[in-house]
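**Student:** Before anything else, here's the structure in question.
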Amino acid sequence: MEPEQRYALDALLDALGLPFDESAPASSEELGEVFALLTLAHEQDVELDEHGRPPPPVEPPGPWVAELAVDLGRRLGVERRGYAGGERFLVALTHDVDLLGAGGIPTALRRLAGGIALRSGRRLREGSAFLLDALAGRDPALPLAEMGPPSTCFFLARQDDPHDGYPERYRPALASALQQASGDGRELGLHASYRSREHQGRISEEAEALAKSLPSNNPLQGLRHHYLRSAPERLAAELRVAGLRYDSSIGWSSRPGLRAGTPYPYRLWDPERREPGAWELPLVLMDATLAEERYLGLGAEAAFEASVETLEPVAEHGGAVAILWHPPSHHPRLSRGYDRLYRRLLSWIEEKGGRTGTATETLDRWESRRAF
């Protein structure tokens, strides 16, 4: 069996919770489909957007890998194994911390003055929120008290491009933010900078820089690329060199869904070594996709319906995925109802038998399921 076929078969058996068995009755056509999906072969010749990202196809693949795994299970006479704790599916809660050091009294006063001069309700709301946060000593860009149960926060370690935000505000606030987030029960991860994919070894450099600032009881394990601007064909090698366990960048910015056609974590393929590498935890849903006018531009109610539609196949197939809510979308006065949407979505996950956690906890439960 060729390494590519072995990789695809292992992904199908992993979906069922079974150990690897080369004699499992999967056809070469099925294995080819799985390999093509997990390696994003359909994206190789598409036109990229302004950030160098492939757009979603007109007809996304959906949970095709899961359906192929179900067919294989029928031939083997087995059903997919459940999780040791009895959960139906898993959702990793994640936050990309793109901003720090926002707000403050001078900024609040400028927003309030601008709101009065321009008769802008939005500026007045922002100014009022910034003023209240400043008086309470809070950073409106990281409202930890509003961010719900344990989750993973990805922090920037390098900011060389304008898309990386405001380093003059971010850098002075970073050490304190890492300590506060860790103390609040958050896993800390690396948010790779906008240009990181363009420089060999940059991920390792950024991981090393961030790791030096992390508490000893919260070691660096995972990565997400800023703007989801990864190079999937190099992810396995990048994570291996950086000593990281997982990535969670494989998703679309412009629509929710299963970019690699699977609701399950899977090993990234290393084309140079022709072997599997670190884990990919699929990103299926992002607040910015739902809210921003350049994408779907949905109000909170329509966004909830879209979120449920995205997570239903994950629940149906016992998947394990990540969702992303940027910290300002938890702010009670700045999020336009997306803070309440998030809490409502967590309730839906619980009602449907799901379990939330950090990215690392989610992968731990996924891996222990196969051993269980």
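**Student:** With the contact rule set at Cα under 8 Å and sequence spacing of 6 or more, what percent relative contact order holds for the chain?
**Tutor:** So the answer I get is 23 percent.
**Student:** Compute the label zone of ASP71 within the stretch 20-45: residues whose backbone N is under 16 Å from the point 7 Å along Cα-to-Cβ.
**Tutor:** Residues 24-38 qualify, since their backbone N sits under 16 Å from the label point.
**Student:** At most 13 other Cβ atoms within 10 Å plus a DSSP loop assignment makes a site exposed; report the longest stretch of the chain without any exposed GluC sites (Glu not before Pro).
**Tutor:** So the longest stretch without any such site is 80-271.
**Student:** Given a Förster distance of 25 Å, report the FRET efficiency between TRP348 and VAL58 from their Cβ-Cβ distance, rounded to the nearest 0.05.
**Tutor:** The calculated FRET efficiency here is 0.30.
**Student:** Hey, what's the stretch 294-372 come to in accessible area per residue, 1.4 Å probe, Å²?
**Tutor:** Ligands and nucleic acids excluded, the figure is 42 Å² per residue.
**Student:** Run the dipole for the chain about the Cα centre, Lys and Arg Cβ at +1, Asp and Glu Cβ at -1, nothing else charged, and hand back the magnitude in debye, nearest 20.
**Tutor:** 1560
**Student:** With angles folded into 0 to 90 degrees, how steeply does helix 359-371 sit against the dominant principal axis of the chain? Use alpha carbons for both and round to 10.
**Tutor:** 20
**Student:** At 1.4 Å probe size, put SER176, SER253 in order of accessible surface, largest to smallest.
**Tutor:** SER176, SER253
**Student:** In nm, what is the difference between 0.36 nm times the number of residues separating ARG234 and ALA41 and their Cα-Cα distance?
**Tutor:** Between ARG234 and ALA41, full extension yields an extra 68.1 nm.
**Student:** Going by accessible area, probe 1.4 Å, with all protein chains left in place, what is the ranking of ASP161, ASP10, largest first?
**Tutor:** Sorted descending by solvent-accessible area, the residues read ASP10, ASP161.
**Student:** Sticking with this structure for a sec: In debye to the nearest 20, how big a dipole does the stretch 204-257 give about its Cα centre with +1 on each Lys and Arg Cβ and -1 on each Asp and Glu Cβ?
**Tutor:** Roughly 180 debye, rounded to the nearest 20.
**Student:** Something else about it: Any number yet on Rg/Rh for the chain, C-alpha, Kirkwood?
**Tutor:** My calculation puts Rg/Rh at 0.98.
**Student:** Quick one: if the Förster radius is 35 Å, what FRET efficiency do ALA211 and ARG294 give, using the C-beta to C-beta distance and rounding to 0.05?
**Tutor:** My answer for the efficiency is 0.55.
The values are calculated or read from the model by the stated rules, or taken from the named source; none is laboratory data. Keep in mind that this is a model prediction, so the values were computed, not measured. Here Cβ is always computed from backbone atoms with ideal geometry, including for glycine, and neighbour counts include all displayed protein chains. Heads up: the accessible areas ignore ligands, DNA and RNA and are worked out on the full protein's heavy atoms, side chains in. Shrake-Rupley method; radii C 1.70, N 1.55, O 1.52, S 1.80 Å.
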